[in-house]
Amino acid sequence: QVLKTAVLHGAEALIRWLPRGKAPVSPEEFISVAESTGLILPLGEWVLKQACTIVMELEKYQLPEEFALAVNISALQFAEENFIDNVKRVFRETGATPLRLKFELTETCLVQDMKRAGKIMTELRSMGLQVELDDFGTGYSSLNSIKNLPLTALKLDASLIRGIEKDESSRAIVRAALAMARAMSLQTIAE
């Protein structure tokens, strides 16, 4: 019954390292190394190009109007002075429409300079990109500062959702996050 009425609303582009003949390397390991060495910048651009290419391929299948592919943006990428220029260049090179992509940003991306973050996010939104706050509930930014950002969604961290069926405190926190998102006209996604 559910499968007959289900509509695909989106997907998330996730990078995985699967060395030939060896055990997979967890993202927690290789992403932190990529960030500490600066390799996250070319890796992040490659992921964005791949996501754009995938979206272009998926267009053949008459995607639902609201379908968008989510891409994680690292704090280092977001902090780059030419971040917006790089994003625009990738869209020009691939021909992908920003309407089919979402950028997922963590609070780490935003807290260092909220004014700059708001300006960049406003520009991303004006391009047609959706902007989600990823891992909501794990960071330390104030709710007051989040209210001023042009977000489209809050992505509730799995740690908030885990055990919700047994723990009243977890349910209360999730209810509060949902009420806040609703009041701010934000979509919510449970990780």
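Taking amide H positions as modeled 1.01 Å from N, with prolines and chain starts lacking one, the residues under 5 Å from E12 and 5 or more places away or on another chain are A70.
Springs between Cα atoms under 10 Å define the GNM used for the chain, and in it the highest mean-square fluctuation of N86, N144, N72 occurs at N144. Stokes-Einstein diffusion for segment 130-184 at 25 °C, viscosity 0.890 mPa s, with a Kirkwood radius from C-alpha pairs, works out to 207 µm²/s.
How big is D for segment 26-139, in µm² s⁻¹ as a whole number, if Stokes-Einstein is applied with the Kirkwood radius of its Cα pairs at 10 °C and 1.306 mPa s? Reported coefficient: 108 µm²/s. Computed over segment 84-180, the percent of Cα pairs more than 20 Å apart is 44.
For M56, the accessible surface of its heavy atoms amounts to roughly 80 Å² (probe 1.4 Å, protein chains only, rounded to the nearest 10). Backbone geometry of segment 35-50 corresponds, through the Karplus equation with coefficients 6.51, -1.76 and 1.60 at θ = phi - 60°, to 3J(HN,Hα) couplings of 5, 6, 9, x, 5, 5, 5, x, 5, x, 5, 4, 4, 4, 4, 4 Hz, x marking Gly and Pro. Derived scalar couplings between HN and Hα for segment 147-158 equal 4, 8, 8, x, 7, 10, 7, 10, 9, 5, 5, 4 Hz in order, rounded to whole Hz, by the Karplus curve 6.51 cos²θ - 1.76 cosθ + 1.60 (θ = phi - 60°), x for Gly and Pro. Listed values for segment 177-191 are Karplus-derived 3J(HN,Hα) couplings in whole Hz (6.51 cos²θ - 1.76 cosθ + 1.60, θ = phi - 60°), namely 5, 5, 5, 4, 4, 4, 5, 9, 6, 9, 6, 10, 10, 8, 6, and x replaces Gly and Pro.
Put one equal scatterer on each alpha carbon of the chain, apply the Debye formula with no solvent term, and list log10 I(q)/I(0) at q = 0.13, 0.16, 0.17 1/Å to two decimals. So the normalised log intensities are -0.77, -1.15, -1.28.
Amide H to amide H, with H built 1.01 Å from N, L101 comes under 5 Å of L69, Q130, counting only residues 5 or more places away or on other chains. Contact order for the chain, expressed relative to its length and based on alpha carbon pairs under 8 Å spaced 6+ residues apart, stands at 16 percent. Could you work out the local net charge near V174, counting Lys and Arg as +1, Asp and Glu as -1, over the other residues with Cβ closer than 15 Å to its Cβ? Once all neighbours under 15 Å are counted, the net charge is 0.
The values are calculated or read from the model by the stated rules, or taken from the named source; none is laboratory data. Worth saying up front: this structure is predicted, and the values here are computed from it rather than measured. Note: ideal-geometry Cβ built from the backbone for every residue, glycine included; neighbour counts use all protein chains shown. Calculation scope for accessible area: heavy atoms of the full protein, side chains included, ligands and nucleic acids excluded. Shrake-Rupley method; radii C 1.70, N 1.55, O 1.52, S 1.80 Å.
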